[in-house]
Amino acid sequence: MADALVETKLLLPRARRDTVPRPRLDGLLDRARTAPVTLVSAPAGFGKTTLLAAWLADAGQPVAWVSLDERDRRPESFWAYVLAALDRAVPGCGTAASTLLSTGQAPIESVLAGVVNELSVHDGEVVLVLDDLHLADGPGIRAGLDFLVDHLPPQLHLVLSTRADPALPLSRLRARGDLVEVRAADLRFDDEEAAAYLNDLNDLGLPGDAVAALESRTEGWVAALQLAALSLQGRADAAGFIDRFAGDDRFVVDYLVDEVLDRQPDDVRRFLLDTAVLDRLTAPLCEAVHAGPAGSGRVMLDLLDRQNLFLVPLDDHRRWYRYHHLFADVLRVHLLQERPGDVPELHRRACRWFNATQDPRDTQDAVRHALAAGDVDDAARLVELALRPLLRDRREDVVRRWLDDLPVDVVGDRPVLAIGFVGALMSSNDFGDVERRLDEIEAMMGRPASELVVADDGELASVPARIEMYRAALALIGGDPADTIARAGRAVAASPPGD
């Protein structure tokens with residue numbers, strides 16, 4: 001005996017009153033009124049159902065709506081709801097097909113052929129919405145969906161709302177112009193929409209810079225703005241809260257854990273936590289950090305991309321990605337809670353990968369991961385080797401950031417590193433601490449060579465000349481031309497051949 005249908009799953013959700021007008025999406029939705037297939041695909045909390053409910057509330061055409069859940073992974077349940085929804089929208093169109101389905105003997109293609117034929121002679125148009133398709137999508141459903149998409153009558157417009165792209169021939173539909181896509185990038189709130197939600201609907205009275213900061217921090221993610229508005233109610237220090245708002249806010253954590261992280265298979269969950277230490281992701285790097293086999297990084301990134309797991313592409317070729325900032329924050333919190341002992345090794349693997357690329361642009365990432373792993377000596381070695389090309393390219397900002405990150409005692413035994421930091425300060429017109437640093441380096445150079453730590457041996461011989469060169473610069477700045485000339489002469493005399 002077939003399970004009784006839950007009638008509320010066939011009801012079009014009521015359009016909410018507390019919604020923000022989104023006229024910039026009107027063009028997309030207007031195209032969806034006549035397109036064979038519309039795909040609304042975005043992560044949890046991007047307002048997919050809310051958008052569709054508001055759009056269809058005044059669509060002026062019959063709507064067959066199905067709210068799917070995990071129990072509808074069984075084909076007989078899935079198609080029973082689809083046929084019932086169509087029959088409600090166009091009375092009589094699904095009766096014969098439902099009877100055939102209930103026998104359990106006919107292939108799904110035969111069942112769907114009946115309802116397709118009925119709709120093909122219907123006078124008007126009808127929209128079929130499969131909401132939360134990701135909950136029911138599976139091998140037992142796909143053959144029927146493929147058949148339905150391939151044989152859609154002109155009167156039927158199929159709308160798929162999902163957190164993960166379904167295994168349908170999307171590229172073929174896209175090439176034929178039969179597919180309208182509404183993605184996370186379309187659904188994100190811009191500054192104007194965020195202001196309307198926070199101030200008009202929630203009466204928070206936030207100034208423009210606070211709205212912009214919150215929109216930037218949430219990256220327009222609607223659910224995060226809702227959670228932030230909830231947290232802001234009754235707060236006297238709204239600006240301070242916005243500055244601190246991150247993935248450790250309890251509402252954000254609870255939402256993302258319940259709706260996203262805890263729903264993932266163990267292998268996906270581990271991959272997410274392992275790669276949370278990365279600011280940017282690419283397949284080989286993910287394999288190195290996750291310690292997966294060759295090719296596994298590409299497979300997993302493609303999976304996360306299809307499933308809309310808060311993955312943001314950084315280029316047009318989908319080679320580099322990053323996680324949504326708040327999602328990354330939550331992943332890092334959980335990594336520290338669940339596996340704190342693994343964190344240093346994950347950073348070391350990332351450091352080794354970036355260092356092995358031999359690309360100077362990757363040195364900054366290698367240093368960051370070395371510092372995060374607690375390997376300050378390794379970080380100091382990497383910084384020293386990177387100093388000359390960075391200063392040549394006028395990247396004093398990077399070198400000065402490392403100056404703050406490395407402990408003072410680590411620099412105290414490294415004359416090449418120390419003189420490189422002085423060069424960065426001089427190039428930045430920051431002279432206040434230079435004299436003291438030069439005195440320390442001069443004293444350091446008087447120690448036995450065995451007590452010094454040097455990564456770039458080729459630069460060690462030029463340190464005495466550079467000390468005199470920087471002292472000449474200080475004399476020039478201080479208005480002492482005689483000392484400037486004298487120091488400059490000593491610098492030339494002390495420089496190694498060919499310098």
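The values are calculated or read from the model by the stated rules, or taken from the named source; none is laboratory data. Quick caveat, the model's predicted, so the values are computed rather than measured. Heads up, the Cβs are rebuilt from the backbone with ideal geometry, glycines too, and the neighbour counts pull from every protein chain shown. Side chains are part of the model used for accessible areas, which takes the heavy atoms of the whole protein and leaves out ligands, DNA and RNA. Shrake-Rupley method; radii C 1.70, N 1.55, O 1.52, S 1.80 Å.
Say we look at the range 235-269 and pick out the residues that are among the small types (Gly, Ala, Ser) and part of a loop (DSSP other than H, G, I, E, B); which of these is surrounded by the most Cβ atoms within 10 Å (Cβ to Cβ)? Show your work before the answer.
Narrowing the range 235-269 to residues among the small types (Gly, Ala, Ser): 236, 238-240, 246-247.
Subsequent filtering for residues that are part of a loop (DSSP other than H, G, I, E, B) retains 236, 246-247.
On the way: Ala236: 6, Ala246: 16, Gly247: 21.
Residue satisfying both the conditions and the ranking: Gly247.
Are any residues in the range 60-93 of a type outside the set (D, E, K, R) and at pLDDT below 90, and if so, which ones?
The first filter runs over the range 60-93 and keeps only residues of a type outside the set (D, E, K, R), leaving 60-68, 75, 77-86, 89-93.
Across the range 60-93, the qualifying residues are Gly60, Gln61.
Taking the conditions exactly as written (under 23 Å from Asp456 (Cβ atoms) and open to solvent by less than 70 Å² (accessible area, probe 1.4 Å)), does Leu382 satisfy them or not?
Numbers: under 23 Å from Asp456 (Cβ atoms): yes; open to solvent by less than 70 Å² (accessible area, probe 1.4 Å): yes.
In short, yes.
Could you please give the count of residues in the range 30-51 that are within 27 Å of Leu227 (Cα to Cα) and either part of a helix (DSSP H, G or I) or open to solvent by 40 Å² or more (accessible area, probe 1.4 Å) (or both)? Give the derivation first.
Here is the first cut: in the range 30-51, the ones within 27 Å of Leu227 (Cα to Cα) are 39-51.
Checking which are either part of a helix (DSSP H, G or I) or open to solvent by 40 Å² or more (accessible area, probe 1.4 Å) (or both) leaves us with 48-51.
Final tally of qualifying residues: 4.
Keeping to the range 385-402, report how many residues are farther than 12 Å from Val367 by Cβ and open to solvent by less than 30 Å² (accessible area, probe 1.4 Å). I'd like the intermediate steps shown before the answer.
At the first step, the residues of the range 385-402 found to be farther than 12 Å from Val367 by Cβ are 388-389, 391-397, 400.
Add one more test, that the residue is open to solvent by less than 30 Å² (accessible area, probe 1.4 Å), and what stays is 396.
Of the residues in that region, 1 qualify.
Filter the range 352-378 for residues that are open to solvent by 20 Å² or more (accessible area, probe 1.4 Å) and within 14 Å of Arg401 (Cα to Cα) and give the result.
Thr363, Gln364, Asp365, Arg368, Leu371, listed by residue number.
Go through the range 438-459 and give me each residue that's open to solvent by 50 Å² or more (accessible area, probe 1.4 Å), under 21 Å from Ala379 (Cβ atoms) and part of a helix (DSSP H, G or I).
The first filter runs over the range 438-459 and keeps only residues open to solvent by 50 Å² or more (accessible area, probe 1.4 Å), leaving 439-440, 442-443, 445-451, 453, 457-458.
Now drop any that are not under 21 Å from Ala379 (Cβ atoms), which leaves 440, 451, 453, 457-458.
Of everything in the range 438-459, those that are open to solvent by 50 Å² or more (accessible area, probe 1.4 Å), under 21 Å from Ala379 (Cβ atoms) and part of a helix (DSSP H, G or I) turn out to be Glu440, Glu451, Asp457, Gly458.
For the list (1) hydrophobic (A, V, I, L, M, F, W, C); (2) modelled with pLDDT of 95 or more; (3) assigned to a loop (DSSP other than H, G, I, E, B), I need the number of the one condition that Ala294 fails.
For Ala294, the exception is condition (2).
Restrict the check to the range 424-435 and report whether at least one residue is part of a helix (DSSP H, G or I), more than 28 Å from Ala372 (Cβ to Cβ), open to solvent by 50 Å² or more (accessible area, probe 1.4 Å) and free of Cβ contacts under 8 Å to residues at least 60 places away in the same chain. Explain how you work it out, then say what you get.
So the first thing to find is which residues in the range 424-435 are part of a helix (DSSP H, G or I), and the list is 424-427, 434-435.
Add one more test, that the residue is more than 28 Å from Ala372 (Cβ to Cβ), and what stays is 426, 434-435.
From what's left, open to solvent by 50 Å² or more (accessible area, probe 1.4 Å): 435.
Checking which are free of Cβ contacts under 8 Å to residues at least 60 places away in the same chain leaves us with 435.
So far as the range 424-435 goes, yes, one or more of its residues are part of a helix (DSSP H, G or I), more than 28 Å from Ala372 (Cβ to Cβ), open to solvent by 50 Å² or more (accessible area, probe 1.4 Å) and free of Cβ contacts under 8 Å to residues at least 60 places away in the same chain.
Among the residues of the range 270-282, count how many are in contact (Cβ under 8 Å) with a residue 40 or more places away in the chain, among the charged types (D, E, K, R) and not in a loop (DSSP other than H, G, I, E, B).
Number satisfying all stated conditions: 1.
Condition first: free of Cβ contacts under 8 Å to residues at least 40 places away in the same chain and among the aliphatic types (A, V, I, L, M). Can you find one or more residues in the range 453-460 that meet it? Spell out how you get there, then give the answer.
First pass over the range 453-460, keeping only residues free of Cβ contacts under 8 Å to residues at least 40 places away in the same chain: 457-458.
From what's left, among the aliphatic types (A, V, I, L, M): none.
No, every residue in the range 453-460 fails to be free of Cβ contacts under 8 Å to residues at least 40 places away in the same chain and among the aliphatic types (A, V, I, L, M).
Just give me the residues in the range 204-234 being in a loop (DSSP other than H, G, I, E, B), at pLDDT 80 or above and open to solvent by 10 Å² or more (accessible area, probe 1.4 Å), in sequence order.
Of the range 204-234, the ones in a loop (DSSP other than H, G, I, E, B) are 204-207, 219-221, 233-234.
With the extra rule that they be at pLDDT 80 or above, the set shrinks to 204-207, 219-221.
Matches in the range 204-234: Leu204, Gly205, Leu206, Pro207, Glu219.
Does Asp409 satisfy the condition of being open to solvent by 30 Å² or more (accessible area, probe 1.4 Å), under 30 Å from Asp274 (Cα atoms), more than 25 Å from the chain's Cα centre (by Cα) and not small (Gly, Ala, Ser)?
Values: open to solvent by 30 Å² or more (accessible area, probe 1.4 Å): yes; under 30 Å from Asp274 (Cα atoms): no; more than 25 Å from the chain's Cα centre (by Cα): yes; not small (Gly, Ala, Ser): yes.
Taking the combined requirement at face value, the residue does not satisfy it.
From the residues in the range 58-77 that are under 29 Å from Leu256 (Cα atoms) and open to solvent by 20 Å² or more (accessible area, probe 1.4 Å), which one is farthest from the chain's Cα centre (by Cα)?
So, considering only residues that are under 29 Å from Leu256 (Cα atoms) and open to solvent by 20 Å² or more (accessible area, probe 1.4 Å), the one farthest from the chain's Cα centre (by Cα) is Arg74.
Can you tell which of Leu204, Leu227, Leu232, Leu198 is closer than 23 Å to Gln337 by Cα and either touching an Asp or Glu at 6+ places or on another chain (Cβ under 7 Å) or aliphatic (A, V, I, L, M) (or both)? Reasoning before the result, please.
Values: Leu204 fails: closer than 23 Å to Gln337 by Cα; Leu232 fails: closer than 23 Å to Gln337 by Cα; Leu198 fails: closer than 23 Å to Gln337 by Cα.
Exactly one residue qualifies, and that residue is Leu227.
So, of the residues in the range 292-351 that are among the polar types (S, T, N, Q) and on the phi < 0 side of the Ramachandran plot, which turns out to be most open to solvent (accessible area, probe 1.4 Å)? Give the steps one after another, and end with the answer.
Residues of the range 292-351 that are among the polar types (S, T, N, Q), as a first pass: 296, 307-308, 337.
From what is left, the residues that are on the phi < 0 side of the Ramachandran plot are 296, 307, 337.
Values: Ser296: 34, Gln307: 64, Gln337: 125 Å².
Going through the qualifying residues, I end up with Gln337.
So, of the residues in the range 331-367 that are touching a residue at least 12 places away in the same chain (Cβ under 8 Å) and polar (S, T, N, Q), which turns out to be nearest to Arg270 (Cα to Cα)?
Only one residue tops the list, namely Asn355.
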